[in-house]
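So the structure is just underneath, and the comments pick up after that.
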Amino acid sequence: MDKKELALAVIARLKNEYPETHCTLDYRDAWQLLVSVRLAAQCTDARVNVVMVDLLKQYPSVAALAAASPEEIEAIVRPCGLGRSKARDISACMRMLHEQFHDQVPDTMEELLSLPGVGRKSANLVLGDVFGKPAIVTDTHCIRLCNLIGLVDNIKEPAKVEKELWKIIPPEEGNQFCHRLVDHGRAVCIARRPQCDKCCLSDLCRYHQSQAI
């Protein structure tokens, strides 16, 4: 089968395996998701969720967080790692959101990318989860699994993986497909120790087929 056919087959299998899927970062408003996804770099979602509780107690709104100094933010978010750079980005992002967007997270890729510390991964997550727009979030699970399965061919750069997936993934499926890849990567196709014997995709997967030779 070609890559489009493979993609549809993988989507169907993952839908059956993980009928309910969602972002594992806790948030109520779009701006909170923007902060959380920045904190999630090289950190677990579970730890980010705990730290966000403390951050929101102190700074419950865009305006409050925009008024905080990077040092004040860093004191709270340090457990997520890379505290200084993350705090700097969050501070600059919230100031711009407050001053230029009147505390409202924009709903276009171009405007989201204009915010400090926001890349395509973060922008796509917000577009898909908050605004229900077509989105493909190329996080580490997505990149790893798509290469193993054979949906992309030895491509590791997030933007390039996203570009290739847009060619084969129906737009309305992209957001949930990426969440299900995360579910599958955590539960079964675990980095460095994939449980191929438990995998619903094993007969479709290029990696598994190569191991069987």
**OP:** Would you compute, from DSSP H runs of 4+ residues alone, the mean residue ellipticity of the chain at 222 nm, taking -39500 (n - 2.57) per run and dividing by the full residue count, rounded to the nearest 500?
**Re:** -17500 deg cm²/dmol
**OP:** Sort by residue number and report every cysteine in the chain with no other cysteine beta carbon within a distance under 4.7 Å.
**Re:** CYS23, CYS93, CYS142, CYS146, CYS178, CYS189, CYS196, CYS199, CYS200, CYS205
**OP:** Would you mind ranking CYS43, CYS142 by Cβ crowding within 10 Å, fewest neighbours first?
**Re:** CYS43, CYS142
**OP:** Using the charge dipole of the chain (Lys, Arg: +1 at Cβ; Asp, Glu: -1 at Cβ; taken about the Cα centre), state which of LEU65, LEU8, MET94 has its Cα farthest towards the positive end.
**Re:** LEU8
**OP:** Could you run the Karplus curve 6.51 cos²θ - 1.76 cosθ + 1.60 with θ = phi - 60° over segment 67-84 and give me ³J(HN,Hα) per residue in whole Hz, x for Gly and Pro?
**Re:** 7, 6, 7, x, 5, 5, 5, 4, 4, 8, 8, 3, x, 7, x, 6, x, 5
Original post:
Taking neighbour counts of Cβ atoms within 10 Å as a proxy for exposure, in what order, fewest first, do GLU20, GLU157 appear?
Top reply: GLU20, GLU157
Original post:
Stretched out fully, how many nm does the piece from GLN209 to ARG192 gain, at 0.36 nm a residue minus the Cα gap?
Top reply: 4.5 nm
**OP:** Go ahead and set up a Gaussian network model of the chain, Cα springs under 10 Å, then flag whichever of ASP129, ASP26, ASP197 fluctuates most.
**Re:** ASP197
**OP:** Kindly provide the pair-distance distribution of the chain built from C-alpha pairs, with 5 Å bins from 0 and whole-percent values in order of increasing distance.
**Re:** 1, 7, 15, 18, 17, 14, 11, 8, 5, 2, 1, 0
Subject >> D_trans [Stokes-Einstein, Kirkwood Rh over alpha-carbon pairs] for segment 1-61, 10 °C, 1.306 mPa s, µm² s⁻¹ >> reply: 115 µm²/s
**OP:** Excluding residues fewer than 8 places away in the same chain, name every one of the aspartates and glutamates whose C-alpha is closer than 15 Å to that of LYS4.
**Re:** ASP153, GLU162, GLU164, GLU172, GLU173
Original post:
Past the 21 Å Cα-Cα mark, which pairs from LYS163/LYS198; LYS57/LYS133; LYS121/LYS160; LYS15/LYS198?
Top reply: LYS163/LYS198; LYS57/LYS133
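Only the coordinates and a few stated rules stand behind these numbers; no lab work does. Just so we're clear, the structure is a prediction, and the values are computed from it rather than from any experiment. Ideal geometry is used to build each Cβ from the backbone, glycine not excepted, and the neighbour counts take in all protein chains shown.
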